[in-house]
């Protein structure tokens, strides 16, 4: 008895012999998990998106309390009727600052605008230095006060930073904590985003426009679009249902795979909630993927069942049992391969990707139950009202594609056409490897790549970037040194040289350090002499000038053992980030002259992106390799032949490699949102390949010639593969209309991979079989799946109960 027969001997009596208790149990579990799925809540977190064990992130976390984080909110208000120095507009800015200050989860001591007490100016008077807050304590919205504010703003060196270059816009900047200090709970980004929209509605009118950016706003916009995502899911269900109905010729048979697929998605969502996870907006791909994989397996099952009923005259029970014996093992192996492959993505230490990995694994594991247990049970009682009419429909359906199947089998199993196909594959491989060098790791565009370029968020980002010279993207380097370094000239001079070096990089708009302010203070202490805007060599003069810069500026810590170097970048494109990081490393290695200072990368939102990009670059090929190692192992255990491994894996790997070329051509960057797509989509290709090759090998082991064996394969499983590829491709094509750019990107990629994997299984696999499948002839008489074609239901199941 083979291993396959032993497995079936255990499982088959449970599913078919105890089908009603099993069905009742599955219904109860589905109801319970559906209840838990209804309690699933959005769960987005800024730290979930970053690799927390990366050295840059360690720097970020080490100095989080002293210098703040990168999870910022930036609100700009623009005066449509002139400059900001108008009483009515200034009142709006004051109230806007107060509203941002009281947003739940905001780190209030770091809220910054010209109205906050941490923004000061210093000026030289005949009697010495004097200074105050930009907005004085006796502020009142009068014309005289507006003139005073105009003067104070110019003295405070905030033009370009908090006030736009044309002085028609002003910023309010805040940082979000990861936990709400009032409740101790994780920040609810949706609540923060809703509050920001309330602020926009409160202050935006014909005289002023409000522009808001920040991670919280991105999450809120993505969450708002989740209603649209649900609509796309419903549209995909309807479209798939119609196509299944047309394909099977029966409404009931068309709905069965859909019902089982919906059950699998319910199980997936319920298991996520039971495991203590929420639904991250970046994981919206997974339910669609689960639906796609489930439909793929369901179509194969229904197709085989219909053939048994129409061609062999089997009853519903006999047809379901026979189909189970033929497809249960290869189908389950394909799904187990998927689960193992998806779990390899867990090796990437980014929390949102790990959640996506477990999410997908839960969903595919659910398909094993719903497709290999629920589906067979439901089909045992499937009622074909008019069997003769059904047989006629099936015969017409078979005849409809017969010419195409015969042409494909006759063409691609012959030596010359097979060689042509393989040569074309080699050309595609070469093109893909050539384009791979153009693949961007990280964002390939300005703005937030998760949202469309014309989204309100990205329009706001462009407005702020275009009107404030310091920009919205910043890379911070922490200069670690000894305590009281602020009074050591050699250390301060080294810091100044580094800032000057980075300021001259093409990707940097401006730099800012403690010394930029202390130089102004020293010049003021030197009677305003312009040539005194230098780093003083005298330690007492240095102490006097640096002491005027408070720690609340975020430029130094309490004992001056850590100094923050701000670099405001022109954008956060991957190329810009890479160039700046390399420039910092080059300076440290080749130009740094002081051993008492350690320049640590990195903080700021660009520093976090740099860490993420480096992890993605290091893991993207590695993870796909792990997925393929798992696939290779399971394929060899399934078929025990080299030909089985080669014929399934080579088309699959070609599609994966070419997907990189497609991404590069479409300008889609490899980032957290897109990294799992190729690895996850491998699951669909594996299913196609296993079903096709298992049926082909079965025919070859029965002594059929390759052409005839593949012709019968196309009739049995090939047409279902073609249908699945087309149906799923059309389903994800609806994503192209999404407001979420990353969903559109994933839709394009999945459309390509679903279709390309289908073509690979139908065209490339037989071409490879022409040269490798001779190995199957050594196993003639050995059936690849035990019991195929045997409808003696009493032999293993013990009869129906």
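For this structure, a couple of remarks:
- Of the residues making up segment 660-693, just one is surrounded by fewer than 24 Cβ atoms within 10 Å (Cβ to Cβ), modelled with pLDDT of 85 or more and within 16 Å of the chain's Cα centre (by Cα), namely 660.
- Looking only at segment 518-545, residues that are within 16 Å of residue 485 (Cβ to Cβ) and assigned to a helix (DSSP H, G or I) come to 8 in all.
- Among the candidates 704, 714, 696, 748, the residue that is touching a helix residue (DSSP H, G or I) at 6+ places or on another chain (Cβ under 9 Å), assigned to a loop (DSSP other than H, G, I, E, B) and modelled with pLDDT of 85 or more is uniquely 704.
Here's the yes/no breakdown for (1) under 19 Å from residue 671 (Cα atoms); (2) in a loop (DSSP other than H, G, I, E, B); (3) touching a strand residue (DSSP E or B) at 6+ places or on another chain (Cβ under 9 Å):
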{"residue": "617", "(1), (2), (3)": "yes, no, yes"}
{"residue": "622", "(1), (2), (3)": "yes, no, no"}
{"residue": "638", "(1), (2), (3)": "no, no, no"}
{"residue": "647", "(1), (2), (3)": "no, no, no"}
{"residue": "654", "(1), (2), (3)": "no, no, no"}
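- Boolean, residue 548 is outside any helix (DSSP H, G or I) and within 17 Å of residue 59 (Cα to Cα): no
Conditions (1) outside the structural domain of residue 512 (by TED's automatic domain parsing); (2) farther than 22 Å from residue 510 by Cβ; (3) in contact with a helix residue (DSSP H, G or I) (Cβ under 9 Å, 6 or more places away or on another chain), marked per residue:
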| position | (1), (2), (3) |
| --- | --- |
| 110 | yes, no, yes |
| 118 | yes, no, yes |
| 135 | yes, yes, yes |
| 145 | yes, yes, yes |
| 156 | yes, no, no |
| 159 | yes, no, yes |
| 163 | yes, no, yes |
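- Scope segment 203-240; condition crowded, with 22+ Cβ neighbours inside 10 Å, touching a helix residue (DSSP H, G or I) at 6+ places or on another chain (Cβ under 7 Å) and outside any helix (DSSP H, G or I); matching residues: 211, 212, 213
- Those helices (runs of 4 or more DSSP H) lying entirely in segment 370-426 with at least 3 residues at pLDDT 90 or above: 375-380, 402-412
- Residues that are outside any helix (DSSP H, G or I), more than 30 Å from residue 210 (Cα to Cα) and touching a strand residue (DSSP E or B) at 6+ places or on another chain (Cβ under 7 Å) do not occur anywhere in segment 509-516.
- Yes/no for residue 432 being outside any loop (DSSP other than H, G, I, E, B), in the same structural domain as residue 655 (by TED's automatic domain parsing) and within 32 Å of the chain's Cα centre (by Cα): yes
- Condition met for residue 60 (part of a helix (DSSP H, G or I), outside the structural domain of residue 219 (by TED's automatic domain parsing), crowded, with 22+ Cβ neighbours inside 10 Å and on the phi < 0 side of the Ramachandran plot): yes
- In the set (1) crowded, with 19+ Cβ neighbours inside 10 Å; (2) under 22 Å from the mean Cα position of the chain (by Cα); (3) modelled with pLDDT under 90, the condition left unmet by residue 363 is number (3).
- For segment 468-490, a residue qualifies if it is assigned to a helix (DSSP H, G or I) and crowded, with 21+ Cβ neighbours inside 10 Å, and the qualifying residues are 485, 486.
Residues are listed down the side, and each one gets a yes or a no for (1) part of a loop (DSSP other than H, G, I, E, B); (2) without any contact (Cβ under 8 Å) to a residue 12 or more places away in the chain; (3) within 37 Å of the chain's Cα centre (by Cα):
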{"site": "118", "(1), (2), (3)": "yes, no, no"}
{"site": "124", "(1), (2), (3)": "no, no, no"}
{"site": "136", "(1), (2), (3)": "yes, no, no"}
{"site": "154", "(1), (2), (3)": "no, yes, no"}
{"site": "167", "(1), (2), (3)": "yes, no, no"}
{"site": "173", "(1), (2), (3)": "no, no, yes"}
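- Which listed residue is modelled with pLDDT of 85 or more and either in a helix (DSSP H, G or I) or over 19 Å from residue 271 (Cα atoms) (or both), from 343, 321: 321
- Subset of segment 240-285 (residues that are touching a strand residue (DSSP E or B) at 6+ places or on another chain (Cβ under 9 Å) and either outside the structural domain of residue 369 (by TED's automatic domain parsing) or closer than 15 Å to residue 365 by Cβ (or both)): 269, 272
- Of the residues making up segment 272-295, those that are farther than 22 Å from residue 259 by Cα and at pLDDT below 80 are 278, 279, 280, 281, 282, 283.
- Qualifying position, being at pLDDT below 90 and crowded, with 19+ Cβ neighbours inside 10 Å, among 530, 515: 515
- Filter result for residue 627 (touching a helix residue (DSSP H, G or I) at 6+ places or on another chain (Cβ under 6 Å), outside the structural domain of residue 334 (by TED's automatic domain parsing) and within 29 Å of residue 360 (Cβ to Cβ)): yes
The values are calculated or read from the model by the stated rules, or taken from the named source; none is laboratory data. Keep in mind the model is a prediction, meaning the values are calculated, not measured. Ideal geometry is used to build each Cβ from the backbone, glycine not excepted, and the neighbour counts take in all protein chains shown.
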